[in-house]
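**Student:** Sharing a structure, written as structure tokens. Questions coming.
The values are calculated or read from the model by the stated rules, or taken from the named source; none is laboratory data. This is a predicted model, so every value here is computed, not measured. Note that we place each Cβ from the backbone using ideal geometry, even for glycine, and neighbour counts take in every protein chain shown. When the accessible area is computed, the model is the full protein with side chains, heavy atoms only, and any ligands, DNA or RNA have been set aside. Shrake-Rupley method; radii C 1.70, N 1.55, O 1.52, S 1.80 Å.
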Amino acid sequence: MDAPKEIFLKDYTKPDYYFETVDLSFSLGEEKTIVSSLIKVSPRVQGSSAPLVLDGHDLKLLSVKVEGKLLKEGDYQLDSRHLTLPSLPAKESFVLEIDTEIYPHKNTSLDGLYKSSGNFCTQCEAEGFRKITFYQDRPDIMAKYTCRVEADKSLYPVLLSNGNLISQGDIEGGRHFALWEDPFKKPCYLFALVAGQLASRDDTFTTRSGREVSLKIWTPAEDLPKTAHAMYSLKAAMKWDEDVFGLEYDLDLFNIVAVPDFNMGAMENKSLNIFNSKLVLASPETATDADYAAILGVIGHEYFHNWTGNRVTCRDWFQLSLKEGLTVFRDQEFSSDMGSRTVKRIADVSKLRIYQFPQDAGPMAHPVRPHSYIKMDNFYTGKFLFAKGAEVVRMYKTLLGSEGFRKGIDLYFQRHDEQAVTCEDFFAAMRDANSADFANFLQWYSQAGTPVVKVASSYNAEARTFSLKFSQEIPPTPGQPTKEATFIPVVVGLLDSSGKDITLSSVYHDGTLQTISSSSTILRVTKKEEEFVFSDIAERPVPSLFRGFSAPVRVETDLSDDDLFFLLAHDSDEFNRWEAGQVLARKLMLNLVSDFQQNRPLVLNPKFIQGLGSVLSDSTLDKEFIAKAITLPGEGEIMDMMAVADPDAVHAVRKFVRKQLASELKTELLKIVENNRSTEAYVFDHPNMARRALKNTALAYLASLEDPSYVELALSEYKLATNLTDQFAALAALAQNRGKTRDNVLADFYNKWQGDYLVVNKWFLLQSSSDIPGNVENVTKLLDHPAFDLRNPNKAMNFHAKDGSGYKFLGDIVVQLDKINPQVASRMVSAFSRWKRYDETRQALAKAQLEMIMSANGLSENVFEIASKSLAA
Ligand code: TRP
Ligand code: ZN
């Protein structure tokens, strides 16, 4: 293998040749597939003598023709990654024809054309199209495609590609064909093909301008009953995009295909979305509320890409956030509107803290728009990667308001429809549509790391003024030792002593007095240090800062515990009520961690119990909000705040606090379980989901006590459950503690569900992510389980090691898996990336595994990039 090469944003150059039309033809076969492409090529500059360099990977070249003339071997150059055509006709345009042979049945990377459960399917983002045919595999090459697919009719009765079906028919030898035409220009990463034995759930959607769109969700016939929720989600998404963004679907047909083997969640190929089955198939008995919500969000996400990603796409892969940040923002808003806005915001911010902040502080830290990469795929690995890009989009909306934001979006489409553009183009549309001053906002795109914002407050009783002093600091990240100040919108409200919002009248900042008259305002923090002074404040207020999490930063305030308890009880911003509880919990847990480390007895502050207790019994609050508010920050979040992460101490402390809360609040918790049961048929709506979430959170608390009566209670919940949400929650509650009950109920669950691989995956995941002592051994055993298959990404476990055996376990899996599927292997190696945060013994053990991985033969670029950057950090 050539040494992996780093690619830089600053090296971007326009392509020397554009492709106008691409006619593809696939002859699918069991042993080999022949791909013919006919491309109309035009030089960017007339009379250019530049060579045309095509990407290609794992392809067998059969022939190349230019203007119908077969090229001889000396007329082109071929290496393991490229086909180069040095001399081309000096014409306005010419025709290029290439035939290649590929072997989809041998493709285990699930990238390019491959087989899943006997069906053919494709995945081309980011750079999979080069595994199908020689092409300029870059998103700024946008062309109109036709695609003819030919295959055995009995094995592959359904033949799908992008766009509209133009013709189909039988041909000799028991084969048949379908010809597809996509009227919209697209980059090749949006190309898709599916062939196989599939049935469809059919429906229609009439757009607001009257276009009747045929909707089809394809799965194996036996799974069709499980596609009702996906269809509901698709129709809801189509309607929502019209209502909120004025965006309408642009073709007469929209296909979704569910496949069991898929590297990620789903893919937005033009009019032919391909999904990991787990994000399509759902029934009350086999999917949880979380699955139902994920399906809604991801169906929405891929559908929304039709405009944000497909109609307007990225100039290059450095601009990924242009489509992903924006589309994640859109799916978050969609889910908010379909359920509870506060609860959705809490869930999204939690994910940001669990996945994004640690990444921002590790060796793979990169700006929203990276400056370089070795393997583009690595920017998709790890969950919820685009969270920060979505936050950046959200800040535009915060600053401009809904209407201003919509104006910006409208201008963006007016300017850039059917173009491949950059993050600056989006910024410019937002700015120009609103004549806005965004100061140093663009820093968000180029600086890595999570800003830390400190806030100091002071009240002057005589002058009746209240001052907030902000300072910001962005920690150094690899390659970026120093940072500039960035534009941080801070949404603020001030609470009076009765807990009500004070009506703000004016704020003084930077020599100007700004009048306001509302209960909350946006402060534009743009410098390293600056002060804002509110006037006419009659008493010392409690500030509610960063309402709704108005910027993706870490906040350190001088608020006292009393202030925080006050906000928890009174803030009109529900998000900040939750946040106050979390800040209190983090502080308290960190203090307990140091007690634990110094062998001091652990004692839980009674005020904390009381604070959570009053949230628990506040019947005016949303039930899912209560469930979130009584859930402690995760272990990772606490470790993230420590100089040296101490997994044992954090684990012990979190367990202690949970048990303590459970024991002190058991009467209330029990009441909650009892009052929130239901034997009615499963309904996916916010009130029912909220009820189940609260009940199951309470049940888990109770079961943590290991008291026989609560174990009995959880067992009976398990047995009586009429849907998977309740049943799986009871299972998880029981699986917290080692012992016979755990073993029995896990065995019972497997027996019941062994025929449903999606449910079995959950069963695997519950055990692999368990924190019971000695779990490495348990999980090692599971690898030999008949249902375990390393090749299917859904089953590969995300196992974060605690001791040497866990690291070794993970290291071995990475090396094995890299040969099968580099994208998934590199996702797993990321678990090692923050090895330097742990104690010396752990560091040595983890480092040894990283070195072992680096020395493996034939390492992929994917794993190389993560492992080498982790070691170098
Ligand atoms: N664009 C896809 C989405 O928005 C994500 C994606 C990128 C992906 N690369 C992929 C999905 C590779 C599957 C495989 O959901
Ligand atoms: Zn996406």
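**Student:** Given a Förster distance of 25 angstrom, what is the FRET efficiency for residue 71 paired with residue 170, based on the Cβ-Cβ distance and rounded to 0.05?
**Tutor:** 0.15
**Student:** Roughly how compact is region 313-446, stated as its Cα Rg over 2.2 N^0.38 Å to two decimals?
**Tutor:** Normalised by 2.2 N^0.38 Å, the Cα Rg of region 313-446 equals 1.05.
**Student:** Using 0.36 nm times the number of residues separating residue 706 and residue 558, minus their current alpha carbon distance, what extension gain do you get?
**Tutor:** Length gained between residue 706 and residue 558: 49.4 nm.
**Student:** Quick one: net charge around residue 378, please, counting Lys, Arg +1 and Asp, Glu -1 for every other residue with C-beta under 11 Å from its C-beta.
**Tutor:** Summing Lys/Arg as +1 and Asp/Glu as -1 gives 0.
**Student:** Can you give the angle from 0 to 90° between the axis of helix 561-570 and the longest principal axis of the chain, with both taken from C-alpha atoms, to the nearest 10?
**Tutor:** 70
**Student:** Apply 1/(1 + (r/R0)^6) to the Cβ-Cβ distance of residue 202 and residue 464, taking R0 = 51 Å, and write down the FRET efficiency to the nearest 0.05.
**Tutor:** After rounding, the FRET efficiency stands at 0.15.
**Student:** Sum up the charges of everything whose Cβ sits under 12 Å from the Cβ of residue 438, counting Lys and Arg as +1 and Asp and Glu as -1, but leave residue 438 out.
**Tutor:** In short, -1.
**Student:** With all protein chains present, how much of the accessible area of region 313-446 (probe radius 1.4 Å) comes from carbon and sulfur, to the nearest whole percent?
**Tutor:** Carbon and sulfur together cover 48 percent of it.
**Student:** Let me ask you something else. Once both labels are modelled 7 Å past Cα along the beta-carbon direction, what's the residue 456-residue 851 spacing in nm?
**Tutor:** In this crude spin-label approximation the distance works out to 4.7 nm.
**Student:** What's the whole-number percent of alpha carbon pairs in region 1-197 lying beyond 26 angstrom?
**Tutor:** The proportion of pairs with Cα distances above 26 Å equals 33 percent.
**Student:** Residue 528 versus residue 42, label points 7 Å from Cα toward the beta carbon: distance in nm?
**Tutor:** In this crude spin-label approximation the distance works out to 5.2 nm.
**Student:** Any idea what angle helix 686-703 forms with the longest principal axis of the chain, computed on alpha-carbon atoms, 0 to 90 degrees, nearest 10?
**Tutor:** 60
**Student:** Can you list the residues, at least 5 places off or on another chain, whose amide H is less than 5 Å from the amide H of residue 17, using H built in the peptide plane?
**Tutor:** Answer set, sorted by chain and number: 44.
**Student:** Same structure again: Given C-alpha coordinates of region 771-873, what is the ratio Rg to Rh with the Kirkwood estimate of Rh?
**Tutor:** Rounded to two decimals, Rg over Rh is 0.95.
**Student:** Taking N as the number of residues in region 151-233, what value does Rg over Cα atoms divided by 2.2 N^0.38 Å take?
**Tutor:** My calculation over the Cα atoms of region 151-233 gives 1.25.
**Student:** Using the Kirkwood formula on the Cα atoms of region 583-658, what hydrodynamic radius do you get, in angstrom to one decimal?
**Tutor:** Result for region 583-658 stands at 13.2 Å.
**Student:** Quick one: work out Rg over Rh on the C-alpha atoms of region 595-734, Rh as Kirkwood radius.
**Tutor:** Across region 595-734, the Cα-based Rg/Rh ratio is 1.00.
**Student:** Once the Cα gyration tensor of region 452-552 is found, what semi-axes does its equivalent ellipsoid get, as square roots of 5 times the eigenvalues, in whole Å, sorted largest first?
**Tutor:** 27, 14, 12
**Student:** List residues of region 76-103, by number, whose backbone nitrogen lies under 13 Å from a label position 7 Å along Cα→C-beta of residue 61.
**Tutor:** Under 13 Å, as judged by backbone N against the label point of residue 61, lie 76-87, 97-101 of region 76-103.
**Student:** Out of every Cα-Cα pair in region 1-91, what percent are more than 20 Å apart?
**Tutor:** So the portion of pairs separated by more than 20 Å is 47 percent.
**Student:** Shifting gears a bit: So how long is each side of region 230-316 along the principal axes, counting just the alpha-carbon atoms, biggest first, in Å?
**Tutor:** Its Cα atoms span 39, 29, 23 Å along the three principal axes.
**Student:** Now, a different point. Defining a contact as two alpha carbons under 8 Å apart and six or more residues distant in sequence, what relative contact order in percent does the chain show?
**Tutor:** Relative contact order, the chain: 8 percent.
**Student:** Further, regarding this structure: Using the Cα centre of region 232-376 as origin and beta-carbon charges of +1 (Lys, Arg) and -1 (Asp, Glu), tell me which of 347, 300, 357 is placed farthest towards the positive end of the dipole.
**Tutor:** 357
**Student:** Using Cα atoms only, what is the angle between the long axis of helix 341-351 and the major principal axis of the chain, expressed in degrees (0 to 90) to the nearest 10?
**Tutor:** That works out to roughly 80 degrees.
**Student:** Kirkwood hydrodynamic radius of the chain from all distinct Cα pairs, in Å?
**Tutor:** 29.1
**Student:** Under 15 Å from the Cα of residue 239, which aspartates and glutamates turn up, not counting those fewer than eight places away in the same chain?
**Tutor:** Output for residue 239: 203, 212, 248, 250, 302, 331, 333, 337.
**Student:** Measuring from the lowest to the highest alpha carbon on each principal axis, how far does region 666-753 reach, largest first, in angstroms?
**Tutor:** Computed over region 666-753, the largest-to-smallest principal extents equal 35, 33, 15 Å.
**Student:** Find the relative contact order for region 18-98 and round it to a whole percent, using C-alpha pairs within less than 8 Å whose residues are 6+ positions apart.
**Tutor:** About 36 percent, as a whole number.
**Student:** Sticking with this structure for a sec: Positive end of the dipole of region 313-446, charges at C-beta (+1 Lys, Arg; -1 Asp, Glu), about the Cα centre: which of 405, 332, 440 has its Cα farthest in that direction?
**Tutor:** Result: 332.
**Student:** Loop only by DSSP, 16 or fewer other Cβ within 10 Å of the Cβ. Give me the GluC sites (Glu not before Pro) in region 673-750 that pass, ordered by residue number.
**Tutor:** Here the GluC sites (Glu not before Pro) that fit, given the DSSP loop and packing criteria, are 680, 706.
**Student:** Net charge within 11 Å of residue 123 by Cβ-Cβ distance, Lys/Arg positive one each and Asp/Glu negative one each, not counting residue 123 itself?
**Tutor:** Neighbour charge sum, excluding residue 123 itself: -4.
**Student:** Give, in nm to one decimal, the length gained when the segment between residue 105 and residue 78 is fully stretched (0.36 nm per residue of separation minus the Cα-Cα distance).
**Tutor:** Separation in residues times 0.36 nm, less the Cα-Cα distance, equals 7.3 nm.
**Student:** Quick one: if the Förster radius is 35 Å, what FRET efficiency do residue 644 and residue 752 give, using the C-beta to C-beta distance and rounding to 0.05?
**Tutor:** About 0.20, to the nearest 0.05.
**Student:** While we're on this one: Quick one: which of 781/808; 186/323; 344/500; 14/60 span more than 18 angstrom between C-alpha atoms?
**Tutor:** Pairs exceeding the cut-off: 344/500; 14/60.
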